[in-house]
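Student: The structure follows.
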Amino acid sequence: MRDAIDLDAYLRRVGWSGPVAVDLATLRGLAMAHVATITFANLNPLMGLPVALDVATLQRKLVDEGRGGYCFEQNLLFEAVLREIGFDVSGLIARVLWGHPEDTQTPQSHMLLRVELAGESWLADVGFGGHVLTGALRLQPDIEQATGHEPFRLVRTGTEWRMQALVRGEWRTLYRFDLRPVPMIDYVVANHYVSTHPASRFVSNLLLGRTTADRRLSLLNYDFTVRRIGHEPERRQLRDVAELREVLQREFLLPLPEGADFQRRLEGLPRS
């Protein structure tokens with residue numbers, strides 16, 4: 001039996017004041033509220049700290065302490081929330097292709113969710129950083145689907161699906177996946193790789209993402225980018241650690257770790 005989530009505390013955390021029901025409006029609305037308030041962040045891997053995936057730890061970290069997390073944490077929390085409401089939800093696993101050629105063989109390092117609702121299958125994903133899905137997608141290939149931001153679509157070849165977004169007039173693949181059920185141990189193994197392996201970008205870079213109704217915010221070390229629908233991206237390099245800390249708190253809503261270790265880790269981040 002899976003641990004239960006404190007649903008009321010979660011709803012307060014994401015600023016949800018209306019009713020919840022097993023319906024599409026709740027699924028889409030909660031996904032939007034989640035990505036606007038619970039920041040995608042990799043502070044634990046960056047600091048060499050473990051990333052636990054049990055619901056009690058996720059509740060404490062992402063809800064009670066107001067911190068952020070990355071895909072496994074975000075989507076496992078959201079899965080627990082949806083299940084508590086009464087949704088039929090399960091997890092899938094994907095190979096990230098964002099920033100890679102289409103034929104690149106990448107590891108299974110990303111989690112997303114499948115939701116069964118009123119006889120239809122939907123996909124939700126609150127854990128893909130600065131280009132996260134805002135809303136939910138019907139599990140149907142080759143149709144352009146509206147989201148809270150740019151259009152998305154799913155492309156299927158045999159048993160493989162690709163999640164794509166229309167970015168500046170071009171369809172770009174975020175990741176590829178299939179529909180096989182994923183046991184929890186597969187997430188544990190993938191999470192261990194992503195959070196500890198030297199080849200993982202999460203252990204040597206600061207990666208943040210938050211998406212509001214009108215902006216996508218992303219940070220890679222000292223490079224801060226704001227994307228508004230219909231506008232060119234606004235990019236700037238932060239000057240120093242003081243400005244970086246300010247952006248982490250003001251734009252990404254993160255409580256920052258205390259102590260010299262965190263300060264030194266920020267000072268040592270790569271600069272472009």
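What follows is calculated from the coordinates using simple rules that are stated; it is not laboratory data. Computed from a predicted model, the values in this text were never measured in an experiment. A quick note on method: Cβ atoms are made from the backbone with ideal geometry, for glycine too, and the neighbour counts reach across all protein chains shown.
Student: Tell me which trypsin sites (Lys or Arg not before Pro) from the stretch 1-95 have a DSSP coil assignment and no more than 16 other beta carbons within 10 Å of their own.
Tutor: Values: sites: ARG2, ARG12, ARG13, ARG28, ARG60, LYS61, ARG67, ARG83, ARG95; in loops: ARG2, ARG67.
In loop regions of the stretch 1-95 (DSSP not H, G, I, E or B), the sparsely surrounded trypsin sites (Lys or Arg not before Pro) are ARG2.
Student: Something else: So, with +1 on the Cβ of K and R and -1 on the Cβ of D and E, and no other charges, what is the size of the charge dipole of the chain about its Cα centre, to the nearest 20 debye?
Tutor: That gives a dipole near 540 debye.
Student: Let me ask you something else. What is the stretch 7-184 by shape, rounded, prolate or oblate, if you read a ≥ b ≥ c off the alpha carbon gyration tensor as root eigenvalues and call it rounded for a/c under 1.5, prolate for a/b larger than b/c, and oblate otherwise?
Tutor: On the way: a/c = 1.61, a/b = 1.23, b/c = 1.31.
Here the stretch 7-184 falls in the oblate category.
Student: Okay, next question. Trypsin sites (Lys or Arg not before Pro) within the stretch 117-191: which are DSSP loop residues with at most 15 other Cβ atoms inside 10 Å? Mind dumping the intermediate values first?
Tutor: Numbers: sites: ARG138, ARG153, ARG156, ARG162, ARG168, ARG172, ARG176; in loops: ARG168.
Passing sites in the stretch 117-191 are ARG168.
Student: Springs between alpha-carbon pairs under 10 angstrom, Gaussian network model over the chain: which of ALA80, ALA36, ALA190 fluctuates most?
Tutor: ALA190
Student: Can you tell me which of THR157, THR147, THR57 moves the most in a GNM of the chain? Springs connect C-alpha atoms under 10 Å apart.
Tutor: THR157
Student: What GluC sites (Glu not before Pro) in the stretch 76-177 are in a loop by DSSP, with at most 15 other Cβ atoms within 10 Å of the Cβ?
Tutor: Those satisfying the criteria are GLU102, GLU144.
Student: Kirkwood Rh and Cα-based Rg: tell me the resulting Rg over Rh for the stretch 215-272, rounded to two decimals. Kindly include the intermediate steps, with their values, before the conclusion.
Tutor: Details: Rg = 12.3 Å, Rh = 12.2 Å.
Rounded to two decimals, Rg/Rh equals 1.01.
Student: Per residue of the stretch 127-139, what does 6.51 cos²θ - 1.76 cosθ + 1.60 with θ = phi - 60° give for ³J(HN,Hα)? Whole Hz please, x for Gly and Pro, Karplus curve as stated.
Tutor: Listing the rounded values in order: x, 10, x, x, 10, 5, 5, 9, x, 8, 10, 5, 6 Hz.
Student: May I pose another question? Where the centre of each part is set by its Cα atoms, how far does the stretch 80-117 sit from the stretch 13-33, in angstrom?
Tutor: 19
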